[in-house]
Amino acid sequence: MLSEKSKLKAQTARHKEMKKKVHQKSDLATNNARRTLVLTGNGKGKTSSGFGMVFRALGHGQQCAVVQFLKGDGESGERNLLQQLGVPVITMNTGCSFKEGYCAEFERVRAKEVWQQTREFLQDESIDLVLLDEVTYTIARKHLDVDEMIAAFEARPAHQSLILTGRAAHRKLREYADTVSRVDSVKHGLQQGLSARKGIEY
Ligand code: ATP
Ligand code: MG
């Protein structure tokens, strides 16, 4: 038989648990929950989807910041437009791994530098949305540590949305995100010999 005191204790614990659940629910419903999205897979559409959400947020007058890991030295229509709009865009400018002049060590150094700038965005209360384009490769190539990255994501302001793109997203990133989309390739024009087109590929 439970004593009155332990019954009361159990009741209070249940009540507390219920209140916690209601609070969590209202956090979700009122948009106070952190939003993290991962766009991964081998098909075309990850980066363009990420930028699509940046433009969507800008259309609502929100502040955005973009970091392009690994690439960022080629022509880019989305970067041109964001720069015209005064949106900060940071690029690594290290070139592609399959092109001449590529240096893995330089890429590591640049990844670490760019990560420090990314941390500043993640700490900035005035930024509503951060896009980390092609960030998955910095983990796959062991330039940056996934746990350290997630700790920084978790410490950011709750209202700040975060979009991560790139192939082969690390399991921990997929687990951390609330939304994960995998873009599959059914076929791609470039594989059929078509060349990259302005406005479609870059
Ligand atoms: P996009 O920038 O067009 O949204 P993405 O971010 O999904 O593409 P990435 O994996 O970053 O694609 O690849 C970069 C480039 O490779 C893009 O120009 C894209 O068109 C091209 N690409 C994407 N998927 C394929 C594929 N399956 N075969 C050949 N080229 C591809
Ligand atoms: Mg991409």
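The values are calculated or read from the model by the stated rules, or taken from the named source; none is laboratory data. All of these numbers come straight from a predicted model, not from anything done at the bench. Using ideal geometry, Cβ is built from the backbone for each residue, glycine included, and neighbour counts are taken over all protein chains shown. SASA here: full protein model, heavy atoms, side chains in, ligands and nucleic acids out. Shrake-Rupley method; radii C 1.70, N 1.55, O 1.52, S 1.80 Å.
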Problem set entry | All positions within region 170-191 that are open to solvent by 100 Å² or more (accessible area, probe 1.4 Å), at pLDDT 95 or above and over 24 Å from the mean Cα position of the chain (by Cα) | Val186, Lys187
Problem set entry | Residues (small (Gly, Ala, Ser), open to solvent by less than 60 Å² (accessible area, probe 1.4 Å) and either within 16 Å of ligand 1 (Cβ to nearest atom) or modelled with pLDDT under 95 (or both)) located in region 102-148 | Ala104
Problem set entry | Selection status of Val186, outside any loop (DSSP other than H, G, I, E, B), away from ligand 2 (no atom under 13 Å from the Cβ) and either free of Cβ contacts under 8 Å to residues at least 24 places away in the same chain or not charged (D, E, K, R) (or both) | no
Seminar exercise, completed: Per the list (1) touching a residue at least 60 places away in the same chain (Cβ under 8 Å); (2) open to solvent by 70 Å² or more (accessible area, probe 1.4 Å), residue check on Ser49 breaks on (2)
For this session: Report, by residue number, each residue of region 160-169 that is closer than 14 Å to Ala65 by Cα and open to solvent by 10 Å² or more (accessible area, probe 1.4 Å).
Result: Ser161
For this session: Determine which single condition Ile139 fails, assuming it passes every other condition in (1) part of a helix (DSSP H, G or I); (2) touching a residue at least 60 places away in the same chain (Cβ under 8 Å); (3) within 16 Å of ligand 2 (Cβ to nearest atom).
Result: (2)
For this session: Taking the options Gln84, Gln116, Gln123, name whichever one is among the polar types (S, T, N, Q) and touching a residue at least 12 places away in the same chain (Cβ under 8 Å).
Result: Gln123
